[in-house]
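> Questions regarding the structure given below will be posed in turn.
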Amino acid sequence: MGAKLFLSYLRRHYKVVILFAFFVLIFAAVFSLYNLETEAVFYAALLCLCVGAVAFGFGLWRYIVRHKALNELMQNIEMGLDRLPEPNGVIEADYQKMLAKLYALNLKTRCEADSTSRDTEDYYTLWVHQIKTPLAAMRLLLTEDGGANSALLLGELFKTEQYVDMVLQYVRLRSESSDLILKKYSLDEIIRGSLRKYARLFALKKLEFSFAETGLTVLTDEKWLSFVIEQVFSNSLKYTPSGKISLYAEGETLVIEDTGIGIRAEDLPRVCEKGYTGASGRSDKKSTGIGLFLCKSILTKLGHEFEITSKVGQGTKVKINLSRADLSFE
């Protein structure tokens, strides 16, 4: 770093060095033309060189100090520009004024973006809570009706409720005040709660389901992990027209496996990208490409690893590693 700063400072002042050498040559040439002793020129040049070296060293020291001060300021730029060093000349003062204006503009833009984000979050949170009232009323009416299509309609109503919950989770995930509550939970209890919600859909699709109790206790957030498991269930149900869905543990890794249509190899690296649907999603016009993105984002916040393997026509295996919780706070 020292050599780099020295070379940088030298490049900054190389014109002065060249000009000094040029002046020495002019004096030597003039003295030579007049047949004067050139030794005096070289002696004066040597004295000027010594004084110049001291001045150069002092300037280099100030250059390094200013560089360190600016680096420290850059590490804490969010705190403001109050610690900027005094400008060395009019040009530096102009640059600092420009930087101050850009900083103020950026701060204003961020405040406006935060305000818009809060308004959006408030709106969708309110919308979710309002829409749940008519959905609950519809469920009550369908349950009491007991008509031929009631079971099918209840299944579709359940999907609608899950999409509403997805909206709320998406808004909460983007919020800076994420409501993570970490505790030790029985993984089997979390799984059973999710299974009870999806029991009706498993019955409607006539899919075989296998659940081997894991016996695991995990450090996690129950609500967020339940959402991830339910989202994986939803995908498995959507893309498994017939066959079996299995849930079991491999060590401290939860595995959810289905015998569905599978995912193409070229789509696998991108299935967790926001809005990416892949070939399977494009065949299903209702796919949004948000579900797996939310799963990946939530598990990253919880410190759990997420892996998907799949073969077309054979099924998909989702693995959630719960062995550690290196949390990601923003």
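> Would you mind telling me which residue in Tyr123, Tyr248, Tyr14 has the biggest mean-square fluctuation in a Gaussian network model of the chain, where springs connect alpha carbons within a distance under 10 angstrom?
Result for the chain, Cα springs under 10 Å: Tyr14 fluctuates most.
> What nm value, rounded to one decimal, do you get for the distance between Arg12 and Thr300 when each label is placed 7 Å out toward the C-beta?
3.8 nm
> Let me ask another. Please report how far the C-alpha centroid of the range 302-321 lies from that of the range 18-84, rounded to the nearest whole angstrom.
The range 302-321 and the range 18-84 have Cα centres spaced 64 Å from each other.
> Report, in deg cm²/dmol and to the nearest 500, the calculated mean residue ellipticity at 222 nm for the chain, where each DSSP H run with n ≥ 4 adds -39500 (n - 2.57) and the sum is divided by the residue count.
Values: 9 runs with 203 residues, N = 330.
Calculated from helices alone, the mean residue ellipticity at 222 nm is -21500 deg cm²/dmol.
> Within a 10 angstrom radius of the beta carbon, how do Arg196, Arg118 rank from fewest other beta carbons to most? Intermediate values should be presented prior to the final figure.
Details: Arg196 9, Arg118 12.
Going from least to most buried by this count: Arg196, Arg118.
> Right, another one. Which value, in Å³ per residue, describes the convex hull spanned by the Cα atoms of the range 1-143?
Values: hull volume 23.7 nm³, N = 143.
Value for the range 1-143: 166 Å³ per residue.
> Can you work out D for the range 104-177 in µm² s⁻¹ from Stokes-Einstein, where Rh is the Kirkwood radius over C-alpha pairs, the temperature is 37 °C and the viscosity is 0.692 mPa s?
Numbers: Rh = 14.5 Å.
After rounding, the answer is 226 µm²/s.
> Further question: Could you compute the FRET efficiency for Leu84 and Leu25, with r as their C-beta to C-beta distance and R0 at 35 Å, rounded to 0.05? Don't skip to the end; give the middle numbers.
Details: r = 41 Å, r/R0 = 1.18.
Efficiency computed from Cβ-Cβ geometry: 0.25.
> Is there a pair in Lys274/Lys301; Lys159/Lys205; Lys132/Lys301; Lys197/Lys311; Lys296/Lys317 whose C-alpha atoms are over 23 Å apart, and which pairs would that be? Let's see the in-between values first.
Numbers: Lys274/Lys301 16 Å; Lys159/Lys205 14 Å; Lys132/Lys301 27 Å; Lys197/Lys311 28 Å; Lys296/Lys317 15 Å.
In this structure, Lys132/Lys301; Lys197/Lys311 exceed 23 Å between Cα atoms.
> What list of ³J(HN,Hα) values in whole Hz, one per residue of the range 293-309 in order, does the Karplus curve 6.51 cos²θ - 1.76 cosθ + 1.60 (θ = phi - 60°) give from phi, with Gly and Pro shown as x?
Per-residue couplings from phi come out as 4, 5, 4, 4, 5, 5, 5, 5, 5, 7, x, 9, 8, 10, 9, 10, 10 Hz.
> So, one more: Give, as a single signed number, the net charge of other residues whose beta carbon lies under 12 Å from the beta carbon of Met74, with Lys and Arg counted +1 and Asp and Glu -1. Could the numbers behind the result be given before it?
Numbers: positive: Lys68, Arg83; negative: Glu72, Glu78.
Result for the neighbourhood of Met74: 0.
> Another question, if that's okay. Based only on other Cβ atoms within 10 Å, what is the fewest-to-most ordering of Val312, Val318? Walk me through the numbers on the way to the answer.
Working: Val312 14, Val318 24.
In increasing order of surrounding Cβ atoms, one gets Val312, Val318.
> List the pair-distance distribution P(r) of the range 59-206, using every Cα-Cα distance, as the percent of pairs falling in each 10 Å bin from 0 up to the bin containing the longest distance, rounded to whole percents.
Using 10 Å bins, I get a P(r) of 8, 21, 20, 15, 12, 11, 9, 4, 1 for the range 59-206.
> Additional query: For Leu99 and Glu208, calculate 0.36 nm times their separation in residues minus their Cα-Cα distance, and state this gained length in nm to one decimal.
Values: separation 109, 0.36 × 109 = 39.24 nm, distance 6.40 nm.
Difference between extended and current length: 32.8 nm.
> If the elastic network links every pair of Cα atoms under 10 Å, which of Glu37, Glu230, Glu252 fluctuates the most in the Gaussian network model of the chain?
Highest fluctuation among the options: Glu37.
> Then there's this: Of Tyr103, Tyr198, Tyr95, which has the largest mean-square fluctuation in a 10 Å C-alpha GNM of the chain?
Looking only at Tyr103, Tyr198, Tyr95, the largest GNM fluctuation is found for Tyr95.
> Return the ratio Rg/(2.2 N^0.38 Å) for the range 181-330, where Rg is computed over Cα atoms only.
On the way: Rg = 14.8 Å, N = 150, 2.2 N^0.38 = 14.8 Å.
Compared with the compact-globule rule of thumb, the range 181-330 sits at 1.00.
> Stokes-Einstein diffusion coefficient for the chain at 37 °C in a medium of 0.692 mPa s, Rh from the Kirkwood formula over Cα pairs: what value in µm²/s?
Details: Rh = 26.2 Å.
Estimated diffusion coefficient is 125 µm²/s.
> Using a 10 Å cut-off around each Cβ, can you sort Cys295, Cys48, Cys111, Cys272 from fewest to most neighbouring Cβ atoms?
With the sparsest Cβ surroundings first, the list reads Cys111, Cys48, Cys272, Cys295.
> Any idea what the dipole of the chain comes to, in debye rounded to 20, about its Cα centre with Lys/Arg Cβ at +1 and Asp/Glu Cβ at -1? Walk me through the intermediate numbers first.
Working: 41 positive and 39 negative charges, 112 e Å.
Once rounded to the nearest 20, the dipole reads 540 debye.
> Same structure again: Placing one identical point scatterer on every Cα of the range 2-85 and ignoring solvent, what is log10 I(q)/I(0) from the Debye formula at q = 0.15, 0.24, 0.27 Å⁻¹?
The Debye formula, applied to the Cα set alone, gives -0.69, -1.10, -1.22.
> Just report the Cα centroid separation between the range 113-137 and the range 163-239, whole Å.
Computed from Cα coordinates, the inter-centre distance equals 22 Å.
> Compute the projected area of the convex hull of the Cα atoms of the range 132-216, averaged over all viewing directions, and report it in nm² to one decimal place. Provide the component values of the computation, followed by the final result.
Working: hull surface 30.6 nm².
Here the figure is 7.7 nm², rounded to one decimal.
FYI, it's all coordinate maths here, none of it is from the lab. Just so it is clear, the structure is predicted and the values come from calculations on it, not from any experiment. Positions of Cβ are backbone-derived with ideal geometry, glycine not excepted, and every protein chain shown enters the neighbour counts.
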